[in-house]
Amino acid sequence: MPDWLNKASQKDAQKEVPSHEVSSLEADERALEALPESADTFLESETPQTQAPSTSVVAGLPTASAPTPPPVPTDEVTVRVEKIMEDGLGAYYQNLPPEAKLKFKQTGEAAAVEISQMVRALKIKVRRVLRLLRDWLLTIPGVNKFFLEQEAKIKTDRILEWVEARKTELSERP
C-alpha cells in the first residue's frame, strides 16, 4: 500500500464524530472509558503506604499537621460489600465537590459496616439494606432520584444473591 494512502486512511480513522451527532449514551460510555480504573474504589480506606504525611508551612518552617487516624481494619465481608456498593459509581464520585465526597464516603462506610454485620450473621433485613443503600445514594446531588433508587435495588439484589451463595457454601462445609 502506498505511504500516502496509508496516512489518508489513518486520518479518516482519527476523525472525531461531531459532538452534535454523538448520542448521550455514547458520550457517557466514552467518558467512563477515559476514567482511571481506581475511580471505582472510593469506599476502600487508603493504606498507610499510599498516604504521605501532610505538612504545612508556618513562618517559612514546615510543621507536621495532625496525624491521620490509622485505617479501620476491614475483613473480607466488608470489602466485598463495599465492592458491590461502589460498582459503577466511580464517575459520579469523581465529579462530586469535596464536601459532598466526604459525606458520601462517610455515609457509605457506615452503611457498609451495618450491611456487613447482617451478612456475617446471615440474617439480612432486605428493607433495611435497601433503605441504607437508597439513603446513601441519595447523597449524590444532581442525579435522578429514580435512577438512584433503581441502583439501590440492583445493589440490594446483588448482596442478597451473594448472601444466598454464602449460606449454601457454609452449609456444605463439614
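Computed from the coordinates by the stated procedures, all read-outs in this text should not be read as laboratory data. What you are looking at is a predicted structure, and each value in this text was computed from that prediction instead of being measured. Quick reminder, even Gly has a Cβ in these numbers, built from the backbone with ideal geometry, and neighbours come from all protein chains shown.
If I stretch the segment between PHE147 and LYS103 completely, what's the gain in nm (0.36 nm per residue apart, minus their alpha carbon distance), one decimal?
Values: separation 44, 0.36 × 44 = 15.84 nm, distance 1.97 nm.
Between PHE147 and LYS103, full extension yields 13.9 nm more.
Taking the stretch 154-174 and a reference point 7 angstrom along Cα→Cβ of VAL126, the backbone N atoms nearer than 11 Å belong to 157, 160-161. Separation of the alpha carbons by more than 23 angstrom is noted, of LYS83/LYS167; LYS101/LYS167; LYS123/LYS145; LYS101/LYS123, for LYS101/LYS167; LYS123/LYS145; LYS101/LYS123. The peptide list 118-124, 97-103, put in order of mean Cβ contacts within 10 Å with the highest first, becomes 118-124, 97-103.
A convex hull fitted around the alpha carbon atoms of the stretch 74-172 yields 87 Å³ per residue.
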